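Q: What follows is a structure written as structure tokens; I'll ask about it next.
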Amino acid sequence: MNLPMLQVALDNLSIADAFQTTRLIHEAVDIIEVGTILCLAEGMKAVKIMKAAYPEKIVLADVKAADAGQIIAKMAFNAHADWITVIGSADLPTAESALQEAKNYANKDVQIELTGAWSFEQAEGWRRAGIKQVVYHRSRDAQAAGVNWGQSDLDKIKRLSDMGFKVTVTGGLVLKDLDLFEAIPIYVFIAGRSIRDAKDPKAAALQFKRRLAELWG
Ligand code: 5RP
């Protein structure tokens, strides 16, 4: 199995605050996510500034587009995002139009963000539309309400992987959670608060990388 990549989620309220994390950890991660919160707080300027600061990293704009897929994709790709997210509950044409926009540039991609309700029937539609990536997400609010990772999550993640999707996993992940997913080919793990809020964010990111290598290497 390939080694999963590590993505840091920057759900900060300002670009300056986000840089407090990235200046410490950028070398330890593969992907920098301009989180939904930062996208809303600072707009696509945050994406542009992050990609300019770290051109060697994949920069994801977590816009969670729910409609107007082509327009939102264009805004993010013009700000030099490499990847963007479309929310799973969006109509299929939203995902299709975002993906169509991605094809106007080199190396851009669209991920379907699986937060809240979605179905495998929809997943078949995304696959037929040419979507390659999905993000399996235990939402921040579900986590706060006490929802834990369970067998049904693992089964769904495995099924998505068996369908041929590159699967990202996220949602309040802490280091010990990685063990749960060991038997599954995961493309990316995203950690936000467990890196950003750590006493030593660089050490926290490196611990994630080390554990990924131990489990998938
Ligand atoms: C919130 C998100 C977060 O970026 C993602 O869940 C990672 O953050 P954390 O590890 O803090 O939960 O998409 O909508």
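Read-outs throughout are calculated quantities, based only on the coordinates presented, and are distinct from any laboratory measurement. Since we're looking at a predicted model, the values are computed, not measured. Note that we place each Cβ from the backbone using ideal geometry, even for glycine, and neighbour counts take in every protein chain shown.
Q: Short version: ³J(HN,Hα) in whole Hz for each residue of segment 73-87, in order, from phi by Karplus 6.51 cos²θ - 1.76 cosθ + 1.60 (θ = phi - 60°), x for Gly and Pro, what are they?
A: Going residue by residue, I get 4, 4, 4, 5, 5, 5, 8, 6, 5, 8, 10, 9, 10, 10, 6 Hz, with x marking Gly and Pro.
Q: I've got another one for you. Using each residue's phi in segment 151-163, evaluate 6.51 cos²θ - 1.76 cosθ + 1.60 at θ = phi - 60° and report the 3J(HN,Hα) Karplus result to the nearest Hz, with x for Gly and Pro.
A: 4, 5, 5, 4, 5, 5, 5, 4, 5, 5, 5, 5, 6
Q: For n ≥ 4 DSSP H runs only, could you compute -39500 (n - 2.57) per run for the chain, divide by its residues and tell me the 222 nm figure to the nearest 500? Kindly include the intermediate steps, with their values, before the conclusion.
A: Values: 10 runs with 95 residues, N = 217.
The helix contribution divided over the chain gives -12500 deg cm²/dmol.
Q: GNM on the chain, C-alpha springs below 10 Å: top fluctuator among Arg138, Arg193, Arg128?
A: Among Arg138, Arg193, Arg128, the largest mean-square fluctuation in the Gaussian network model of the chain belongs to Arg128.
Q: Explain nothing, just the number: dipole magnitude of the chain about its Cα centre with +1 on each Lys and Arg Cβ and -1 on each Asp and Glu Cβ, in debye rounded to the nearest 20.
A: 380
Q: In percent, how large is the relative contact order of the chain, given Cα pairs closer than 8 Å and 6 or more residues apart?
A: Value for the chain: 22 percent.
Q: Going down the table (Lys103/Lys156; Lys132/Lys209; Lys48/Lys108; Lys74/Lys166; Lys57/Lys103), which pairs top 18 Å between alpha carbons?
A: Lys103/Lys156; Lys132/Lys209; Lys74/Lys166; Lys57/Lys103
Q: Take the Cα of Ala106, step 7 Å along the line toward its Cβ, and report every residue of segment 131-150 whose backbone nitrogen sits under 14 Å from that point.
A: Counting only backbone N, you get no residues.
Q: For segment 152-178 and segment 24-103, what is the separation of their Cα centres, given in Å?
A: After rounding, the separation between the Cα centres reads 21 Å.
Q: Between segment 108-130 and segment 196-214, what's the alpha-carbon centroid distance in Å?
A: 30
Q: Additional query: Looking at the chain, I'd like the Rg to Rh ratio, where Rg is from alpha-carbon atoms and Rh is Kirkwood's inverse mean 1/r.
A: For the chain, the value is 0.94.
Q: May I pose another question? Mind checking segment 1-52 for trypsin sites (Lys or Arg not before Pro) that DSSP puts in a loop (not H, G, I, E or B) and that have at most 14 other Cβ atoms within 10 Å?
A: none
Q: Modelling each spin label as a point 7 Å along the Cα-to-Cβ direction, I'd like the Leu175/Ala213 distance in nm, to one decimal.
A: The two pseudo-label positions are separated by 1.5 nm.
Q: Hey, another quick one. State, to one decimal in nm, how far the label point of Gln151 lies from the label point of Asp17, with both points 7 Å from Cα in the Cβ direction.
A: With each label placed 7 Å out from Cα toward Cβ, I get 4.0 nm.
Q: Also, I was wondering about something else. For segment 13-118, state what percent of all Cα-Cα pairs lands in each successive 10 Å bin, counting from 0 Å until the bin that includes the largest distance.
A: 17, 49, 29, 6
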